[in-house]
Structure formats: structure tokens, C-alpha cells
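*Asks:* Attaching a single structure in C-alpha cells format; questions to follow.
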Amino acid sequence: MSTMSLFAPLALPNGTSIPNRIAKAAMEENMADADHAPSDELLRLYDAWGRGGAGLIITGNVMIDARAMTGPGGVVLENDAHLERFRQWALAARQHGAQIWMQLNHPGRQMQSALGQATVAPSAVALELGSFSKRFAMPRELTETDIAEVIARFTQSALLAERSGFTGVEIHAAHGYLLSQFLSPLTNKRQDRWGGSLENRARLLLDIVRSVRAAVATDFAVAVKLNSADFQRGGFGPDDARRVIQMLGALGVDLVELSGGSYEAPAMQGESRDGRTLAREAYFLEFAREMIGVATMPLMVTGGIRRRTVADQVIASGVAMVGMATALSIDPELPNRWRLGQPSEPQLKPIRWKNKMLGSMANMAVVKFQLMRLSTGRVTNPTVSPMRALIAQQLGAACQTRRYRRWMARDTTRNLAR
């Protein structure tokens, strides 16, 4: 057992250090401006987190390809057209000494069809979301050329993040997005070198990590967000995750963040489709503890943590970083409060709707509602009605979807070399 403090610095394999063990984990903000660059609201939001005292701040999804969006208001970084905005974003987060890492992502098949783009995936396997399935198109299977472009885009976006003053990137290979789809035998049915054995299914993630690590400076952090499990029978499981962590060990990865779930089984919100009950707080801690023996890099666990006692337990168990998302959407000053010994346990009311998918969407909407308030300099309102938050979020998304489609229609020549 480690006696390490929550406020002790963490030395990373790349030679840099994170000032304390609290990370603001990624939340999807959908706050891009009209050019899909960081907006003034996004800068204000990160200014609040920068002042709040977390040692590491990880951005919400930044898209490596404008044609592949997790949401209509997503930030896109595929060329240097708006680097000044990205520099301002990095500065807002770094102002009090935190490291700021950009989370890079490609949604694969988890892109709503309303956005008007063709979806791609490892294999042509549709999302199964009951009555919500029709919101997502059947994806086209990626070709070898497409896969090479995905690797090039992750690498290009990482280089641009480095040029913008970010101190690292986190490659998103969790939550059912593209790299997670390659890892799971439920979504990867390929018969070539990208499918079949776990070595083949992990190949794309490993190739991206190698490519990014070789392109950026040695002191620029390269992290990976990985599912501990998909929480679906026959999917990517804990034994697979253990082996992927071992594979990443040889590639100079600075940190692995452990989470879990996907759109089909949103375990990252404490729900599990296959009947397993997740602990009330620190959902993925049990798995992380088991991984300490095999991981050569620091581990971070994210999912439901909101109390100082639980955060201390995570660090005492040997996990290097505590990732918090919802708690810091309610109280961005939480790390400073804990440092001063002030008790704060920010919490949202549990949503117990019969329709689990709607409940999951409402939960995300309530979090987004807090982010919107912080981004306009207002105090958060954790007691907001989930229905009110969901309606506001849906109306906002509809407007952003129209704006995104107009933006894409204006530029039909999208490619990496623009």
C-alpha cells in the first residue's frame, strides 16, 4: 500500500511532472465556435478549471477529422487554421501550473446520422440502441487506405496540439468510439491484419501510439484512455484490457486512464447492461488495482469519484491519478477546497427513469447544463430538472447540427493536406 498523498506531484515517464494527483477528466462540451475552433465560452470554462487546482486537465473530445464528429458542436483540429484559438485554450488551462492534455478522438460508428456524414467502422456492424438505433447509420468498413489516414490524422492533430502549447494528448480508445470498436470482437469482425486475434484488434491503437510518440517531443505526454471492459457479453473484457496495457508498456506511454462502457452500455455512468452491479463510487477501481502489477506506466481511474475519502483510497491503493468529471462540472474549485481541508461532495440527483437510454441522455444533459453555466461565468445548478436540461440540450444540439451541416457544405474539399 502506498502512503502517497493526493497533493503529491506525479513524475511521468517522459520526465515531466503533474503537480498533484487530481485530474479533470474529459467531458464532451460541444462548445466549438462557428469554425469548430475553441469558443470564448470554452476558454472561460477552462479558465475556471485552471483556477480550480486540478494538477491535470484533459479536454473533452477534439476531433481529428471534421467528417467524423461525436457531437455537432465539437472542436476540430485537422490543420493550423485556428492555432491562435487553441493557444488561448491551452493558456487558460495552464495558468496556475496544471498540465493540459488534448483528448483526440474519432467516433467511428457512434456518429449521429443527422450530421449528414457517412459513418465508418472496423466492420459494418450497426449500433443496437432499441428505438434510438435509427439515429445512427450502418457504418461502412474502413479500407487499408482509410486506416492509414486515421493514423496520419491522429499524428497530425497531436503535432498541432503540441504547437498550440498543450503539454500532452490522450488518445481515446474507450467508450465505444473508433479505437474501442477495433478492440472489441463485437464490433470488429475483420478477417485481415486488423481483426481476429487481440494483437490484430489492438494494432490500430498501437500503431497510432507509435506514430504519435515518434512525432512529438520526448517531454510531450502521450496517454491512452482504455476501457477496463465493454460491459457487454462477448465484448472487450478485463483480460483483453490487461494484455493491451502490457502491449502499451513498451511504447513510451505516459499514463493509461481506465474507464468502461459505450453508447450501448454506458458503464461510465454507473450502468451496466450485462447485470453486473458497479460500486457506487470509483466504478473502475477494482480493475485498476488488479492492473498495478502489470502496468509499467502510471494509471488513472475515472468514474463517479466525488468524495475526498474515496479519492484518498484510490491513491492509497497505488493508482497514480484520480480522474473526476461530474464533480468538477458542479464545483470546479473542488481540488482547492480539498487542499484546504474543506469538505465538499458535489453530487447530482440520480435519474431513475424507466427508459435507461433516455436516463443516460438526461444525465449527460444535466452535466452539460453545468458546463454551460460555468462557460458564461454563472454558478452551477446541480438541482436542475433533468427534463429541462435534456430539452435544452436537444434544442441546442438541433441548432448546432444545422450549423455543422452548413459549415461542411461550404467546404467540400476536406483532406489532410489542406
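*Asks:* Give me a count of the residues in region 250-269 that are under 20 Å from Arg289 (Cβ atoms), open to solvent by less than 30 Å² (accessible area, probe 1.4 Å) and either at pLDDT below 95 or over 20 Å from the mean Cα position of the chain (by Cα) (or both). Before the answer, list the steps.
*Replies:* Filtering region 250-269 down to residues under 20 Å from Arg289 (Cβ atoms) leaves 253, 255-261, 267-268.
If we keep only those that are open to solvent by less than 30 Å² (accessible area, probe 1.4 Å) as well, we get 253, 255-261, 267.
Filter again for either at pLDDT below 95 or over 20 Å from the mean Cα position of the chain (by Cα) (or both), leaving 258-261, 267.
Residues in region 250-269 being under 20 Å from Arg289 (Cβ atoms), open to solvent by less than 30 Å² (accessible area, probe 1.4 Å) and either at pLDDT below 95 or over 20 Å from the mean Cα position of the chain (by Cα) (or both): 5 in total.
*Asks:* Okay, moving on. Got a number for residues in region 17-48 being among the basic types (Lys, Arg) and surrounded by 24 or more Cβ atoms within 10 Å (Cβ to Cβ)?
*Replies:* Taking region 17-48 and keeping what is among the basic types (Lys, Arg), we get 21, 24, 44.
With the extra rule that they be surrounded by 24 or more Cβ atoms within 10 Å (Cβ to Cβ), the set shrinks to 21, 24.
Summing the residues that are among the basic types (Lys, Arg) and surrounded by 24 or more Cβ atoms within 10 Å (Cβ to Cβ) in region 17-48 gives 2.
*Asks:* Separate question: Which is part of a loop (DSSP other than H, G, I, E, B) and either closer than 21 Å to Gly303 by Cβ or open to solvent by 80 Å² or more (accessible area, probe 1.4 Å) (or both), of Ser360, Ser344?
*Replies:* Numbers: Ser360 fails: part of a loop (DSSP other than H, G, I, E, B).
Being part of a loop (DSSP other than H, G, I, E, B) and either closer than 21 Å to Gly303 by Cβ or open to solvent by 80 Å² or more (accessible area, probe 1.4 Å) (or both) holds for just one of Ser360, Ser344, which is Ser344.
*Asks:* Taking only pairs six or more apart or across chains, which ones have beta-carbon atoms under 8 Å, a first residue in region 209-226 that is closer than 9 Å to Asn14 by Cβ and in contact (Cβ under 8 Å) with a residue 24 or more places away in the chain, and a second residue that is of a type in the set (Ser, Thr, Tyr) and assigned to a loop (DSSP other than H, G, I, E, B)?
*Replies:* If the second residue must be of a type in the set (Ser, Thr, Tyr) and assigned to a loop (DSSP other than H, G, I, E, B), the pairs left are Asp219/Thr16; Phe220/Thr167; Ala221/Thr16; Ala221/Thr167.
*Asks:* In region 186-204, which residues are closer than 14 Å to Val244 by Cα and either without any contact (Cβ under 8 Å) to a residue 40 or more places away in the chain or open to solvent by 10 Å² or more (accessible area, probe 1.4 Å) (or both)? Even if it seems obvious, please write down each step before you answer.
*Replies:* So the first thing to find is which residues in region 186-204 are closer than 14 Å to Val244 by Cα, and the list is 197-204.
Hits for region 186-204 are Ser197, Glu199, Asn200, Arg201, Arg203.
*Asks:* Within region 381-392, identify whether any single residue is small (Gly, Ala, Ser), within 21 Å of the chain's Cα centre (by Cα) and surrounded by 16 or more Cβ atoms within 10 Å (Cβ to Cβ), and answer yes or no.
*Replies:* no
*Asks:* Taking into account only those residues within region 325-338 that are touching a Ser or Thr at 6+ places or on another chain (Cβ under 7 Å) and closer than 18 Å to Gln99 by Cβ, which is modelled with the lowest pLDDT?
*Replies:* The selected residue is Ala325.
*Asks:* Same structure, new question: Just give me the residues in region 331-341 being surrounded by fewer than 22 Cβ atoms within 10 Å (Cβ to Cβ) and in a helix (DSSP H, G or I), in sequence order.
*Replies:* Once the filter is applied, which keeps residues that are surrounded by fewer than 22 Cβ atoms within 10 Å (Cβ to Cβ) and in a helix (DSSP H, G or I), region 331-341 yields Asn336, Arg337, Trp338, Arg339.
*Asks:* Now for a different question. Has region 388-409 got any residue that is part of a loop (DSSP other than H, G, I, E, B), of a type in the set (Gly, Ala, Ser) and either within 30 Å of Ala8 (Cβ to Cβ) or at pLDDT 95 or above (or both)?
*Replies:* So the first thing to find is which residues in region 388-409 are part of a loop (DSSP other than H, G, I, E, B), and the list is none.
Taking every residue of region 388-409 in turn, none turns out to be part of a loop (DSSP other than H, G, I, E, B), of a type in the set (Gly, Ala, Ser) and either within 30 Å of Ala8 (Cβ to Cβ) or at pLDDT 95 or above (or both).
*Asks:* Restricting the first residue to region 238-253 and requiring it to be farther than 17 Å from Leu285 by Cα, which pairs with a second residue that is open to solvent by 30 Å² or more (accessible area, probe 1.4 Å) meet a Cβ separation below 7 Å and a spacing of at least six or different chains?
*Replies:* Gln246/Val294; Gly249/Thr296; Leu251/Arg210; Leu251/Arg213; Gly252/Pro13; Gly252/Arg213
*Asks:* I would also like to ask the following. Among the residues that make up region 224-239, is at least one of them out of contact with any helix residue (DSSP H, G or I) (no Cβ under 9 Å at 6 or more places or on another chain), under 13 Å from Ala295 (Cβ atoms), of a type outside the set (A, V, I, L, M, F, W, C) and open to solvent by 10 Å² or more (accessible area, probe 1.4 Å)?
*Replies:* Taking every residue of region 224-239 in turn, none turns out to be out of contact with any helix residue (DSSP H, G or I) (no Cβ under 9 Å at 6 or more places or on another chain), under 13 Å from Ala295 (Cβ atoms), of a type outside the set (A, V, I, L, M, F, W, C) and open to solvent by 10 Å² or more (accessible area, probe 1.4 Å).
*Asks:* Scan region 69-116 for residues that are more than 19 Å from Ile18 (Cα to Cα), open to solvent by 10 Å² or more (accessible area, probe 1.4 Å) and of a type in the set (Gly, Ala, Ser) and jot them down.
*Replies:* Answer for region 69-116, where residues must be more than 19 Å from Ile18 (Cα to Cα), open to solvent by 10 Å² or more (accessible area, probe 1.4 Å) and of a type in the set (Gly, Ala, Ser): Ala81, Ser113, Ala114, Gly116.
The values are calculated or read from the model by the stated rules, or taken from the named source; none is laboratory data. Nothing here was measured: the structure is a model prediction, and the numbers come from that model. Because the Cβ atoms are built from the backbone with ideal geometry, glycine has one as well, and the counts that use them run over all protein chains shown. Side chains are part of the model used for accessible areas, which takes the heavy atoms of the whole protein and leaves out ligands, DNA and RNA. Shrake-Rupley method; radii C 1.70, N 1.55, O 1.52, S 1.80 Å.
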